[in-house]
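Taking it in order: structure first as structure tokens, then the write-up.
Bear in mind these aren't lab numbers, they're just calculated from the coordinates by the rules spelled out. Everything numeric here is computed off the predicted structure, so don't read it as measured data. Neighbour counts run over all protein chains shown; Cβ positions are idealised from the backbone, glycine included.
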Amino acid sequence: MADAISVIPAAVLRNLSDKLYEKRKTAAYEVEGIVKQLTSVGDHDKISGLIKLLANEFAYSPQVNNRKGGLIGLAAATVGLRMLLGFGHYRGVFTAPIHLQIIPPVINSFSDQDSRVRYYACEALYNIAKIVRGESIIHFNDIFDALCKLSADSDPNVQNAAHLLDRLVKDIVSESDQFSVEEFIPMLRERMNVLNPHVRQFLVGWITVLDSVPDIDMLGFLPDFLDVLLLKSVDYGRMAEILVLRASSPDDFTRWTAITWINELIKLGGFELVPYYADILGAILPCLADKEEKIRVVSF
């Protein structure tokens with residue numbers, strides 16, 4: 001650790017934890033240059049120490065700006081290692097695969113309470129994965145779990161960043177011979193019970209991509225997820241919202257159709273509609289006194 005501190009100027013370390021993004025970005029470029037320099041002279045112990053410093057003192061720091069700096073710093077260090085990582089030349093050079101030091105702190109940041117940290121984590125892993133490519137497959141389970149959660153993140157910027165990362169991960173998986181679809185399907189089915197439409201869309205996207213890979217026979221796994229997929233593809237909540245709105249239409253036929261559909265929806269939706277019962281009841285009650293008899297009949 002002391003060696004790592006000695007190779008990174010104090011000003012760079014300060015800027016890496018600065019509240020201003022531009023200063024952190026400038027510091028990251030400095031880190032990239034330092035790693036390139038160390039790579040060129042083969043000083044792999046200092047590189048490893050530098051990465052540990054970025055992970056332990058920055059990415060895992062209780063200070064939010066440190067965490068942001070740690071993420072951009074780890075991505076910058078990976079860029080500095082491009083010649084080693086991109087061609088697999090790191091094997092036998094470090095005591096352990098260097099991505100085992102770089103990627104876990106980034107994955108850990110996906111669950112950070114600060115939305116900007118989650119955003120920067122997506123950005124960092126995107127830049128890292130572009131370089132390490134298939135080497136990241138060893139972390140696939142953790143990455144997939146994080147992306148599944150981030151697909152429904154409360155911050156739309158995080159959602160968008162996660163979507164870009166998801167596309168890259170799909171590309172990497174599609175070209176990898178290390179990916180095990182047999183291990184993936186149980187993970188997929190586990191998450192199929194989630195009701196959030198963003199998560200369901202995320203999961204369906206993975207099924208679609210894997211089905212397009214010639215070496216993967218998704219048809220053989222169809223029984224594992226088809227029933228859940230069909231059951232959960234119906235968004236009862238959204239349907240209820242639309243029908244409740246149309247039940248107050250000035251057009252008689254539209255009101256009658258909406259109430260008829262609400263009747264059927266209640267039969268099919270069951271407990272999934274409980275959060276919408278108040279709105280549904282509010283739509284039905286006025287129809288009990290509707291001027292059209294057929295609407296009054298259906299409302300009962």
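Quick look at the values:
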| item | result |
| --- | --- |
| Qualifying aspartates and glutamates (Cα of each under 14 Å from Cα of Lys46; at least 8 residues distant if same chain) | Asp3, Glu32 |
| FRET efficiency for Ser248 and Asp217, using Cβ-Cβ distance with R0 set to 45 Å, rounded to 0.05 | 0.35 |
| Solvent-free Debye scattering, log10 I(q)/I(0), computed from the Cα coordinates of the chain at q = 0.11, 0.14 Å⁻¹ | -0.76, -1.00 |
| Around Pro186: net Lys/Arg minus Asp/Glu count, Cβ-Cβ under 14 Å | -3 |
| Most to least packed among 127-135, 166-174 [average Cβ atoms within 10 Å] | 127-135, 166-174 |
| Between helix 140-150 and the chain: long-axis angle, C-alpha atoms, 0 to 90°, nearest 10 | 50 degrees |
| Square roots of 5 times each gyration tensor eigenvalue, C-alpha, segment 236-299, largest first, Å | 19, 11, 10 |
| Reach of Lys170 by Cα under 20 Å, taken over aspartates and glutamates that are not fewer than 8 positions away in the same chain | Glu123, Glu135, Asp142, Asp145, Asp153, Glu182, Glu183, Glu190, Asp211, Asp215, Asp217 |
| GNM top mover of Tyr126, Tyr277, Tyr236 - the chain, alpha-carbon springs below 10 Å | Tyr277 |
| Burial ordering of His139, His44, fewest other beta-carbon atoms within 10 Å first | His44, His139 |
| Shape call, segment 44-187: gyration tensor on alpha carbons, a/c limit 1.5 | oblate |
